[in-house]
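Before any comments, here is the structure.
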Amino acid sequence: MAAKLNLLSDAECRSATSEGRDMRKLHDGGGLYPWVFADGRKYWRLRYAIDGSEKSLPLGVYPAISLRKARNRCDEERQRASKLLNDGRIAGTVRDPVTGAWDLSRLAAASVRAGMRGPKLGAFDTKK
């Protein structure tokens, strides 16, 4: 079954509240989440996993970054990560010949050398 995408509308993002909690995460699909705080702040985050370890990448503040822009940035991050990993342009990222899993032991250091602030990887699973 394919993952559901584009679950939120702009009206839902605009009217979202934390519902009495300190922070609430809404789900748009594909790893894209607006985080809604009790004071009304809303931040776009992209969740992804590297070898089973979950991470989160900030994509911007709502409404400065609209729902459409957040979805576009989400797609761009996925494409960039896929290209970097598949081209072998990040040192230390090779596939294990037995399991097919990525060896990402030196990914963070390589990302810093490449001028990125941390591993901007997008929402994808590195395991086959």
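The numbers here are math on the coordinates, done by the rules we state, and not lab data. The structure displayed is predicted, hence computed values, not measured ones. Note that each Cβ is placed from the backbone with ideal geometry, even for glycine, and that neighbours are counted across all protein chains shown.
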(request) Using θ = phi - 60° and the Karplus relation 6.51 cos²θ - 1.76 cosθ + 1.60, list the HN-Hα couplings for the range 17-31 in order, rounded to whole Hz, with x at every Gly or Pro. (result) 10, 7, 6, x, 8, 5, 8, 10, 9, 9, 10, 9, x, x, x
(request) Calculate I(q)/I(0) for the range 1-66 by the Debye formula, one identical point scatterer on each C-alpha and no solvent, and give its log10 at q = 0.16, 0.22, 0.28 Å⁻¹ to two decimals. (result) -0.54, -0.95, -1.29
(message) If I model a spin label at residue 47 and residue 17 as a point 7 Å from the Cα along the Cα→Cβ vector, what separation in nanometres do I get?
(response) 2.4
